[in-house]
Amino acid sequence: MFKIKILVLLSLFAFLKKSTAQDWANLTKYKTANEELLALPGDEKRVVFMGNSITEGWTKSFFENPSYINRGIGGQTTPQMLLRFRQDVIQLKPKVVLILAGTNDIAGNTGPMTLEEIRDNILSMVEIAEANGIFPIVCSVLPAYDYPWRPGLAPNIKIPKLNLMLKNMAEEKGVQYLDYFAAMADDRNGLPSKLTTDEVHLTKEGYDIMEKLAKQSIKKVLNKQK
């Protein structure tokens, strides 16, 4: 009996050690960068871009603007972003946050997710931002005809449905909706070849479109607050 108890305790210890070693939401990725940013004088026009690989891989020249803060992490889903939202957005005290998320949820990167669950996670981020005096911009999910790492999930059908839900949610909350999809989709509800490297990730031409739309949306939000 004593040996069994020891084995159970050792197993529990191993499990807890493994669990604490897993940074599921990748909270450590921007920890040092956040600390360095917080040591600087505040920026009343600071804008955080919360997202996945589309945001993380954004053209570096766009973020030469010191007010723009990139907090994208490749492969992430909305529950992971929601978990790190306080650390990577709220504590930075931005004026605006752009939330671009959902495609990896549809791909099932962290398990099955319904469109309603995706919408609700983004809604939670919107509400947390508003509660902290930050103006959220809800971004449409970008077009994707298929996922090269997980084919056959029909994102070209699911993404437009999710985007409609996000647009309706933004209207109900009275927050800005940024429609990348309408400006970038081809007749398959995918990305045209000149805008993408793999049906999901973007070329410079793709980011040029995003940058123009993002700047317009940010300007609109900031002008409303004057």
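The values are calculated or read from the model by the stated rules, or taken from the named source; none is laboratory data. Remember, it's a predicted structure, so these values are computed and weren't measured experimentally. Here the Cβ is made from the backbone with ideal geometry for all residues, glycine too, and neighbour counts use every protein chain on show. Only protein heavy atoms, including side chains, enter the accessible area calculation; ligands, DNA and RNA are left aside. Shrake-Rupley method; radii C 1.70, N 1.55, O 1.52, S 1.80 Å.
At the residue level, Glu205 shows approximately 100 square angstrom of accessible surface with a 1.4 angstrom probe and all protein chains present. Computed from the Cβ-Cβ distance with R0 of 22 Å, the FRET efficiency linking Asn168 to Asn132 stands at 0.40.
Note down the net charge around Asn52, summing +1 for each Lys or Arg and -1 for each Asp or Glu among other residues with Cβ under 13 Å from its Cβ.
So the environment of Asn52 carries a net charge of 0.
Separation of the stretch 149-226 and the stretch 84-115, taken as the distance between their Cα centroids, equals 15 angstrom.
Nonpolar atom fraction for the chain, defined as the carbon and sulfur part of the 1.4 Å probe accessible area, stands at 57 percent.
Accessible surface ranking for Ser53, Ser193, 1.4 angstrom probe, highest first: Ser193, Ser53.
Under DSSP H, which helices of the chain have Cα atoms covering 27 Å or more of the helix axis and a Kyte-Doolittle average no less than -0.5?
Correct list, ordered by number: 2-21.
Here the simple spin-label model places points 7 Å from the Cα toward Cβ, and for Glu56 and Ile157 these points are separated by 3.0 nm. The fraction of all Cα pairs in the stretch 22-122 landing in successive 10 Å bins from 0 to the largest distance is 15, 48, 29, 7, 0, given as whole percents. Annotation: per residue accessible area for the chain equals 53 Å², rounded to a whole number [probe 1.4 Å, protein chains only].
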